[in-house]
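One structure is given here, and the rest of the page talks about it.
The values are calculated or read from the model by the stated rules, or taken from the named source; none is laboratory data. Note that the coordinates shown come from a computational prediction; the quantities given were computed from them, not determined experimentally. In this analysis, Cβ positions are derived from the backbone assuming ideal geometry, glycine residues included, and neighbour counts consider all displayed protein chains.
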């Protein structure tokens, strides 16, 4: 049994499947993919994941991509230390939240991150070289995201994304009034999903939302998340983010 | 054990969870929700699903919403006649496709459907009454979709949606060159998902794409889908679509 995990810094997607690996106490080989150097679009990486995106789980040669899919896979293969409820109604509740986060949260937080951080990177590349880099990106949507980051997302796009993030915070705050964790009484993949894509940094990323007063239950939940052994171990993984990018975003990683 | 399924016509979302119910030979009470009369936003329905959307599965009082979640739930509770591969790598492959269809296909086909069909409905409602109806819609995204359908989606939005549908057709065509069904050698929820949201009517909806010549493998796959007992039974369910809407769309359901 050999697990290999290809990932970038411990935040967002790369963090999301790393937490379950640690929670379950699974031994895995960590392979760092340097996004600053566009390694995710390099030939060696495209040979592993033709979509050119991190993270990737390699389990004895089986390649699993997309974090929600990876995390369900880990539950199927390593059911000890369950992060997916064993009762079907609980699992459905967890999947409801995963779907909401994947479709209504992730991309909207991500747009702001790209606008602030990837934009700096994208604008730092000379014309000609930028186009050559773009040609190496397999997914059309991803090429468009890079082009938008370089030119800057529109005010309208950013405002829509902000509204989506606010809606999500209020929805999560409401759910945490009903139960201790997002999908019920137990810590699940839904908590890990929301934490990785939004909860862990939303207060620093959008100070104008005054998240700690707007969402006190979510703020307490974040502390419970930070106390989880798997979260601690994952967040202690090396962070090679270029300091210039980190400063620009107000630590928005 | 009592199953109740709230649904509209046998197409798209409503079809997607109806097929597994029939494939598994499960007895269920069918409750028709009339979208022409905005029943999905009525008080009695909102009491069942606060998001005001069909379909909904009620299993002994447990309310499950969102078709991908419902279909995984049916696999968890009724594993006979499996529509989700039992090996974890196969299940991951199925989930990869479900995610692709949910996030990159469904809304884009849907936009054209709404533009052509729901637009007629929305423009037929008098001002004042329309706004009152909008106030009853719980999800902000859904309110926006109704407003866009009434005013008409922009050429840019429609062109983007068309490009996404073309990308999906080519991707599916490629996959069907590797295996008989979308996620491998077996008919799975991924096939049911793509069929319900796109495959069953894409040729009639976008004649300019010349789907049958562009995607011959997908065309043959569609015939295999239409031969499935569960698909036949589901498609034989009553269709109350207003004929004026059906004609307008060139049968684009």
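What the table below lists for this structure:
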item: The one condition in (1) at the interface with chain B (Cβ under 9 Å from one of its Cβ atoms); (2) surrounded by fewer than 17 Cβ atoms within 10 Å (Cβ to Cβ) that residue A:129 fails to fulfil; result: (1)
item: Residue in the stretch B:197-207 that is more than 19 Å from residue B:55 (Cβ to Cβ) and out of contact with any helix residue (DSSP H, G or I) (no Cβ under 7 Å at 6 or more places or on another chain) present; result: yes
item: Check on residue A:50, within 13 Å of another protein chain (Cβ to nearest Cβ), farther than 26 Å from residue B:76 by Cα and surrounded by fewer than 17 Cβ atoms within 10 Å (Cβ to Cβ); result: yes
item: Failed item, numbered, when residue A:80 is tested on (1) over 25 Å from residue B:167 (Cα atoms); (2) in contact (Cβ under 8 Å) with a residue 40 or more places away in the chain; (3) surrounded by 14 or more Cβ atoms within 10 Å (Cβ to Cβ); (4) over 21 Å from the mean Cα position of the chain (by Cα); result: (3)
item: Residue that is surrounded by the most Cβ atoms within 10 Å (Cβ to Cβ), among those in the stretch A:83-100 that are within 17 Å of residue A:197 (Cα to Cα) and at the interface with chain B (Cβ under 8 Å from one of its Cβ atoms); result: A:95
item: Conditions (1) within 29 Å of residue B:171 (Cβ to Cβ); (2) at pLDDT 95 or above; (3) away from chain B (no Cβ under 12 Å); number of the one not met by residue A:169; result: (1)
item: Any hit, the stretch B:32-49, residues being in contact with a strand residue (DSSP E or B) (Cβ under 8 Å, 6 or more places away or on another chain) and over 23 Å from residue B:240 (Cα atoms); result: no
item: Among (1) under 21 Å from residue B:218 (Cβ atoms); (2) free of Cβ contacts under 8 Å to residues at least 12 places away in the same chain - the single one residue B:168 does not satisfy; result: (2)
item: Residue selected from the stretch A:54-72 under the condition over 20 Å from residue A:41 (Cα atoms) and either surrounded by 24 or more Cβ atoms within 10 Å (Cβ to Cβ) or within 16 Å of the chain's Cα centre (by Cα) (or both), by the criterion farthest from the other protein chains (Cβ to nearest Cβ); result: A:71
item: One residue from B:156, B:178, B:103 being facing another protein chain (nearest Cβ under 10 Å), out of contact with any strand residue (DSSP E or B) (no Cβ under 6 Å at 6 or more places or on another chain) and free of Cβ contacts under 8 Å to residues at least 24 places away in the same chain; result: B:103
item: All positions within the stretch A:207-234 that are crowded, with 18+ Cβ neighbours inside 10 Å and either without any contact (Cβ under 8 Å) to a residue 24 or more places away in the chain or under 27 Å from residue A:111 (Cβ atoms) (or both); result: A:211, A:215, A:218, A:221, A:222, A:225, A:231, A:234
item: Selected residue (only one of B:17, B:30 is more than 10 Å from chain A (Cβ to nearest Cβ), surrounded by 23 or more Cβ atoms within 10 Å (Cβ to Cβ), farther than 20 Å from residue A:85 by Cβ and at pLDDT 95 or above); result: B:17
item: Residue B:143 in contact with a helix residue (DSSP H, G or I) (Cβ under 7 Å, 6 or more places away or on another chain) and more than 30 Å from residue B:225 (Cα to Cα); result: yes
